[in-house]
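A short worksheet on the structure shown next.
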Amino acid sequence: MENHFDLIVVGAGAAGLTAGIYLSRAKVSTLILNEGAVGGQMVLTHEIANYPGVESISGYQLARNMKTQAQKFGCVIKSNIKITNLDLEGGTKSVEVNNKEVYTAHAIILATGGKSRTLGVPGEDKFKGKGISYCATCDGDFFQDKEIIVVGGGNSALEEAVSLTKYASKVTIIHQFDNFQALEHYVEEAKNNSKINFIMESKIIEFAGDESLKKVRIQNQATQEITEMIVDGVFIFIGYVPNTEKIGGKVALNNYGEIIVDKNMATNIAGIYAAGDSIAKRYRQVTTAVADGTIAALSASEYINNIKKELHLVSTN
Amino acid sequence: MLNTNLTHVLSEQEHAKLLQENENVMICCGRMGPMCIPVYEVMEELEGEYTKVKFVDMEFDTADAKVIRNLPQVRGFQGIPFVIYYKNGKVVKATSSIQNREQVTAILDEKFGK
Ligand SMILES: Cc1cc2nc3c(=O)[nH]c(=O)nc-3n(C[C@H](O)[C@H](O)[C@H](O)COP(=O)(O)OP(=O)(O)OC[C@H]3O[C@@H](n4cnc5c(N)ncnc54)[C@H](O)[C@@H]3O)c2cc1C
């Protein structure tokens with residue numbers, strides 16, 4: 001059965017690739033299905049300097065190394081697919097993808113990670129790459145001597161706002177609350193930078209322009225007053241959301257949409273495990289994703305061995 | 001040079017030759033960053049599927065990449081990669097910033113046929 005594997009991993013980020021390495025090395029036939037580019041958030045990271053044993057490496061290279069390592073052990077990786085249906089119940093789990101291909105397995109590891117939150121307001125899609133960006137290191141230099149907005153109030157927003165002052169003549173931070181969630185030293189650094197000013201308790205409600213972004217409409221959350229601001233660019237850093245929208249209603253999630261697991265990375269459904277940034281946990285790092293992926297792989301491997309023993313007993317009785 | 005498995009276009013001359021020799025060309029002009037890498041990966045995958053299309057990349061920060069940066073079709077672009085689709089040497093589509101597989105194949109199907 002070409003489309004049957006011992007285990008399917010959903011997601012090829014640090015957690016999923018680690019699970020792939022462990023399982024394939026243990027001769028558990030493994031398929032990884034990934035929406036988007038292999039590596040997940042690692043690919044978003046220009047430099048990873050806190051992965052033990054590797055002084056400094058680009059996220060892309062680390063992802064590539066993990067992918068090659070998994071493939072060397074026989075792991076099959078399919079990227080840029082879309083899952084159209086997931087059947088997690090029963091002894092045989094199945095996953096249908098967008099080309100109507102159906103894959104089956106004894107167990108599944110959900111390692112779908114997280115993604116940048118978008119504002120979801122009119123004009124955001126239209127001006128992506130034409131004034132709106134989610135990556136300061138990628139697009140900062142397009143805004144040399146220009147006036148830009150940074151949206152957000154966490155560590156990333158404040159850190160990137162400061163880094164963007166290398167290029168921009170003026171950076172306005174727009175934040176929906178009246179105080180910042182970022183660590184105090186990020187806030188201090190931003191406040192001490194003469195190019196940065198702040199609009200608090202406010203949200204962008206619309207982006208407008210022609211070929212490129214020209215202005216935004218901003219609503220004050222306290223007074224509801226709406227103002228317009230002429231601007232060359234907007235960088236959005238408003239946090240991450242777990243990629244569990246397709247899993248909700250199938251496995252148990254907490255109020256934040258994160259998958260609930262036990263210490264073996266098992267979910268509430270037998271044979272379904274989860275690992276990495278998509279699970280309910282406090283610290284989200286490559287190292288923690290790799291650790292979760294390892295635990296999920298070892299637990300799932302044990303589960304599969306037991307299932308195979310049972311199947312063997314049934315067939316020999 | 002970009003660290004991808006695609007053919008790299010390194011100069012203005014190579015760019016001109018490429019357009020002369022290929023009817024359908026998709027060129028991704030970018031850096032090794034989070035907005036560009038997913039597009040290269042999609043292109044690497046599509047190389048085997050869209051045999052009538054030549055998939056190449058070009059480094060954004062080289063002087064010769066002005067052949068892309070100065071195109072009238074990229075006016076207003078403020079996000080890398082700049083992706084250009086050529087048919088018989090003429091630009092038929094240009095996109096800015098990250099695109100996923102579905103977005104890329106929709107353009108390839110529309111502009112170059114399935
Ligand atoms: C800008 C940035 C910088 C960072 N810097 C560091 C750092 O320096 N050090 C560090 O340790 N950590 C860093 N992190 C955090 C670290 O990258 C993550 O914690 C880690 O990579 C998470 O791995 P993951 O495998 O759980 O999830 P992800 O990396 O999010 O991977 C999940 C994968 O699953 C795929 N997927 C999602 N939904 C589906 C679906 N329905 N079907 C199929 N596939 C799906 C996604 O496309 C993705 O490829 C950084 C994160 C960011 C965003």
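Close amide H pairs (under 5 Å, H built 1.01 Å from N) link A:His4 with A:Thr104, residues at least 5 positions away or on another chain. The residues neighbouring A:Thr227, those whose beta-carbon lies less than 12 Å from its own, together hold a net charge of 0 under the Lys/Arg +1, Asp/Glu -1 convention. Applying 1/(1 + (r/R0)^6) with R0 = 25 Å to the Cβ-Cβ distance of A:Glu55 and A:Gln221 gives a FRET efficiency near 0.05. Between A:Gln61, A:Thr92, B:Cys29, the Cα set farthest toward the positive side of the dipole of the protein assembly as shown (charges on each charged residue's Cβ, about the Cα centre) is that of A:Thr92. Each Cα pair under 8 Å and six or more residues apart adds its separation to the average, and for the range B:7-112 the resulting relative contact order is 34 percent. How tilted is helix A:155-164 with respect to the longest principal axis of chain A? Cα atoms for both, answer in degrees (0 to 90, nearest 10). Helix A:155-164 sits at roughly 50 degrees to that axis.
Based on the Kirkwood radius over alpha-carbon pairs, what is the Stokes-Einstein translational diffusion coefficient of the range A:229-317 at 37 °C with 0.692 mPa s viscosity, in µm²/s?
Stokes-Einstein gives a translational diffusion coefficient of 213 µm²/s.
Axis angle, to the nearest 10 degrees, between helix A:59-72 and the longest C-alpha principal axis of chain A: 10 degrees.
Rounded to the nearest whole Hz, the Karplus-based 3J(HN,Hα) values (6.51 cos²θ - 1.76 cosθ + 1.60, θ = phi - 60°) of the range B:39-56 follow the sequence 5, 4, 5, 4, 5, 4, 5, 6, 3, x, 8, 9, 6, 7, 10, 9, 9, 9, with x at glycine and proline.
Per-residue 3J(HN,Hα) values for the range A:118-130, derived from phi via the Karplus relation 6.51 cos²θ - 1.76 cosθ + 1.60 with θ = phi - 60°, read 9, 6, x, 10, x, x, 5, 5, 4, 9, 4, x, 10 Hz in sequence order (x marks Gly and Pro).
Is there a simple number for the mean count of other chain Cβ atoms within 10 Å of the Cβ of residues in A:134-146, and what is it?
4
Here is the tail figure for the range A:101-163: Cα pairs spaced more than 20 Å apart come to 46 percent of all pairs. First check a/c for the range A:89-237, with a ≥ b ≥ c the square roots of the eigenvalues of its C-alpha gyration tensor; if it is under 1.5, answer rounded, and if not, answer prolate when a/b is larger than b/c or oblate otherwise. Cα axes put the range A:89-237 in the prolate bin. Under 19 Å from a label point set 7 Å out along the Cα-to-Cβ vector of B:Lys114, the amide N atoms of the range B:53-89 belong to B:53. Annotation: cysteines of the protein assembly as shown without a disulfide-compatible partner (Cβ-Cβ under 4.7 angstrom) are A:Cys75, B:Cys28, B:Cys29, B:Cys36.
Looking only at the range A:164-265, where both bridge partners belong to it, what percent of the DSSP beta bridges are antiparallel (to the nearest 5)?
Within the range A:164-265, antiparallel bridges account for around 70 percent of the total.
Where the alpha-carbon atoms of the range B:7-112 are placed on the principal axes, they occupy 32, 31, 23 Å, in descending order. When DSSP beta bridges are restricted to pairs lying wholly in the range B:7-112, around 55% turn out antiparallel. Couplings for the range A:13-23, taken from phi via the Karplus curve 6.51 cos²θ - 1.76 cosθ + 1.60 with θ = phi - 60°, read x, 4, 5, x, 5, 5, 4, x, 4, 4, 5 Hz in order; Gly and Pro are left as x. Computed from the Cβ-Cβ distance with R0 of 22 Å, the FRET efficiency linking A:Gln71 to A:Thr104 stands at 0.55. Between A:Lys214 and A:Asn85, the modelled labels are 4.9 nm apart [label points 7 Å from Cα along Cα→Cβ].
Under conditions of 25 °C and 0.890 mPa s, the protein assembly as shown yields 105 µm² s⁻¹ as its translational diffusion coefficient, taking Rh as the Kirkwood radius over Cα pairs in the Stokes-Einstein equation. For the range A:77-108, backbone nitrogen atoms closer than 15 Å to the point 7 Å from A:Leu311 Cα along Cα-to-C-beta are found at A:90-95, A:103-108. Projecting the Cα atoms of A:Gln71, A:Ile259, A:Phe237 onto the charge dipole of the protein assembly as shown (Cβ charges, centred on the Cα centre) puts A:Gln71 farthest toward the positive pole.
Quick one: of the DSSP bridges fully inside the protein assembly as shown, what percent are antiparallel, nearest 5?
About 50 percent, rounded to the nearest 5.
Close amide H partners of B:Ile80, meaning residues 5 or more places away or on another chain with modelled amide H under 5 Å apart, are B:Ser97. Rounded to 0.05, the FRET efficiency of the A:Thr92 and B:Glu23 pair, given R0 = 60 Å and the Cβ-Cβ distance, is 0.80. Computed from point charges on the beta carbon alone (+1 for Lys and Arg, -1 for Asp and Glu), the dipole magnitude for the protein assembly as shown about its Cα centre is near 500 Debye.
Taking A:Val261, A:Val241, A:Val102 in turn, the Gaussian network model of chain A (Cα-Cα springs below 10 Å) assigns the largest fluctuation to A:Val102.
No value in this document is a laboratory result; all are computed from the given coordinates. In this text, all values refer to a predicted model and were calculated from it rather than measured experimentally. Using ideal geometry, Cβ is built from the backbone for each residue, glycine included, and neighbour counts are taken over all protein chains shown.
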